[in-house]
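K.L.:
There's a structure below that I have some questions on.
Throughout, read-outs are computed from the coordinates displayed, never taken from laboratory work. Small disclaimer: the values here were computed from a predicted structure and weren't measured. So basically every Cβ, Gly included, is an ideal-geometry build from the backbone, and we count neighbours across all protein chains shown.
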Amino acid sequence: MRTLNSIQQADAKAIGVGHGESEAIILARDMMLPLIMDDTPPQRLAMKLNLDVYSSLEFVKGVYVSCFIDREEYEERLAAYDQSGRVGKSYVEWAMKATK
């Protein structure tokens, strides 16, 4: 885990979303890294800062398409998303159509 410096801490406090999301956004900005988060308000804020933002489901889809996991494991992960109710059924169905 990386600790924010005093300037980054001030920037994170000024963002106005949760503590963890704020820190993730500031680190992604400063390290020029993509950001993976599922909550809509922090996603929108990160996009306003021109960060590349992906949902965790999009990330899992990318892992599958890039051949880091097989179809069986991919479908197990999608089933967990579907059962959790964290994302809409149509979004899970979209991900299920992925091919390598």
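K.L.:
For the chain, go through all pairs of different Cα atoms, get the mean of 1/r, take its inverse, and jot down that Kirkwood value in Å. Mind showing how you got there, number by number?
P.N.:
Details: mean 1/r = 0.0672 Å⁻¹.
About 14.9 Å for the chain.
K.L.:
Over the alpha-carbon set of the range 56-96, work out the extent along each principal axis and list the three values in angstrom, largest first.
P.N.:
So the extents along the principal axes, rounded to whole Å, are 26, 15, 14.
K.L.:
Once the dipole of the chain is set up with Lys and Arg at +1 and Asp and Glu at -1 on Cβ about the Cα centre, which of 32, 60, 96 lies farthest towards its positive end?
P.N.:
Checking the options against the dipole of the chain, the answer is 32.
K.L.:
Taking all pairs of distinct Cα atoms, average 1/r, flip it, and tell me the Kirkwood hydrodynamic radius of the range 1-45 in Å to one decimal place. Mind dumping the intermediate values first?
P.N.:
Details: mean 1/r = 0.0945 Å⁻¹.
Result for the range 1-45 stands at 10.6 Å.
K.L.:
Run the helix sum for the chain: -39,500 (n - 2.57) per DSSP H stretch of 4+ residues, divided by residue count, reported at 222 nm to the nearest 500 deg cm²/dmol.
P.N.:
Calculated from helices alone, the mean residue ellipticity at 222 nm is -19000 deg cm²/dmol.
K.L.:
Size of the dipole of the chain about the Cα centre, Lys and Arg at +1 and Asp and Glu at -1 on the beta carbon, nothing else charged, in debye to 20?
P.N.:
Details: 12 positive and 15 negative charges, 55 e Å.
Roughly 260 debye, rounded to the nearest 20.
K.L.:
Could you give the size of the charge dipole of the range 56-96 about its Cα centre, using +1 on the Cβ of each K and R and -1 on the Cβ of each D and E, expressed in debye and rounded to the nearest 20? Before the final figure, lay out the partial values.
P.N.:
Numbers: 5 positive and 8 negative charges, 38 e Å.
Roughly 180 debye for the range 56-96.
K.L.:
Next up: May I have the count of lysine pairs in the chain with C-alpha atoms under 25 Å apart, counting pairs 8 or more residues apart or located on different chains?
P.N.:
Numbers: 13/48; 48/61; 61/89; 61/97; 61/100; 89/97; 89/100.
Number of lysine pairs found: 7.
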